[in-house]
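The values are calculated or read from the model by the stated rules, or taken from the named source; none is laboratory data. Note that this is a predicted model, so its numbers are computed, not measured. Quick reminder, even Gly has a Cβ in these numbers, built from the backbone with ideal geometry, and neighbours come from all protein chains shown.
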Amino acid sequence: MERTEVAAHRIYQADSRLRSSYQAVMGACEATLLHADPPYCLLVRRNKKGRARSPKRAKIDNASVRRFETVGEYSRFTERWMRPAVACLSADGHAVIWTNLLGRDPILEVATREGLVHHGTFLWAKLGKAGNSGEKLARLYEVALIFGRHPRPEPAPEDRLPPRHFVSGYDVEGAASQWEGHPNHKPFSLLEPLLRWYSAPGDVVLEPFSGSGSTAAAAVRLGRTARALEIRAQWARVSGERLQAVVAAQQAAENRGRSPSSEA
Ligand SMILES: C[S@@+](CC[C@H](N)C(=O)[O-])C[C@H]1O[C@@H](n2cnc3c(N)ncnc32)[C@H](O)[C@@H]1O
């Protein structure tokens, strides 16, 4: 089993549906931010006779992408990982949970049952290729549901408001291609406003679905402590290698007395 520990950061190959996985990766820590990028609610594709379609013809076909028989099965999956994850969240912590349209209601329902309060939605729109006139269209691609432990206080007129959207290309910083091209990679510039708003330097950021390690890498770059789980050996290894690289880049920059110029 892949396990990476660098400074206070940890990424373990483990199943995020098991309480024991969180006990191992969190130790005695609590997370200020639970940032979760779970598998989306994609259903098994069937032909007219009810047989599962050949994965070769599926639009999204990748071993890292899991498909569910029904939305109910997705709800049960959500409940299994969310309950132990929320148990790690501090009394004033927040949860940011990514989803597609079909997964929105199951996640809202399970989060509400687990005692979280919905604070709003963050939208990620992706830019397409430029047309003849140079114009680019942005397509709403994914959303993150934001939750707190308590209702969001009414903002005063002078208050800054939380980030609500981000528009970008898919792999703006080139990190997806650098780290084996995970099909659901999230760029740093997308994660940055969320991590900055919902956690502070020194806080623990917990990611139960590490993939290629984007959340952990962003957490380290922003001075947070990263704790993450990933079930697949390949992605646990990639996440671990990326964690080591970003910590080394951070330390080298600190030794030089300036910020790192590029993401690891
Ligand atoms: C949506 S992707 C995360 C992508 C990630 N944000 C990135 O930027 O690379 C979900 C990941 O969760 C992993 N996963 C699925 N089920 C899991 C489970 N029960 N426990 C831990 N990881 C799981 C998958 O292998 C996949 O890598």
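Residues of segment 124-177 that are of a type in the set (Asp, Glu) and modelled with pLDDT under 95: Glu135, Glu142, Glu154, Asp171, Glu173. If you scan segment 20-32, which residues turn out to be out of contact with any Lys or Arg (no Cβ under 8 Å at 6 or more places or on another chain) and part of a helix (DSSP H, G or I)? Answer for segment 20-32, where residues must be out of contact with any Lys or Arg (no Cβ under 8 Å at 6 or more places or on another chain) and part of a helix (DSSP H, G or I): Ser20, Ser21, Tyr22, Gln23, Ala24.
Just so you know, in segment 196-220 the residues that are of a type in the set (S, T, N, Q) and assigned to a helix (DSSP H, G or I) include one that is farthest from Tyr170 (Cα to Cα), and it is Thr215. Taking the criterion of being touching a Phe, Trp or Tyr at 6+ places or on another chain (Cβ under 6 Å) and farther than 17 Å from Ala14 by Cα, would at least one residue in segment 240-248 satisfy it? Yes, that holds for at least one residue. In segment 36-49, the residues that are away from the ligand (no atom under 11 Å from the Cβ) and part of a loop (DSSP other than H, G, I, E, B) form Cβ pairs under 6 Å with partners that are at pLDDT below 95 and of a type in the set (A, V, I, L, M), at six or more places apart or across chains, as follows: Cys41/Leu102; Val44/Ala52; Arg45/Ala58.
For segment 183-201, the criterion of being more than 14 Å from the chain's Cα centre (by Cα), over 25 Å from Gly120 (Cβ atoms) and either modelled with pLDDT of 95 or more or surrounded by fewer than 24 Cβ atoms within 10 Å (Cβ to Cβ) (or both) is met by none of the residues.
For (1) over 22 Å from Leu101 (Cβ atoms); (2) more than 8 Å from the ligand (Cβ to nearest atom), each residue gets a yes or a no:
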{"position": "Gly148", "(1), (2)": "yes, yes"}
{"position": "Asp159", "(1), (2)": "yes, yes"}
{"position": "His165", "(1), (2)": "no, yes"}
{"position": "Ser177", "(1), (2)": "yes, yes"}
{"position": "Glu180", "(1), (2)": "yes, yes"}
{"position": "Pro183", "(1), (2)": "no, no"}
{"position": "Ser210", "(1), (2)": "yes, no"}
{"position": "Arg221", "(1), (2)": "yes, yes"}
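When Val204, Val247 are screened for being under 25 Å from Phe77 (Cα atoms) and either more than 9 Å from the ligand (Cβ to nearest atom) or not aromatic (Phe, Trp, Tyr) (or both), only Val204 passes. Note on segment 82-117: among residues that are touching a helix residue (DSSP H, G or I) at 6+ places or on another chain (Cβ under 6 Å) and farther than 18 Å from Pro39 by Cα, the one that is surrounded by the most Cβ atoms within 10 Å (Cβ to Cβ) is His94.
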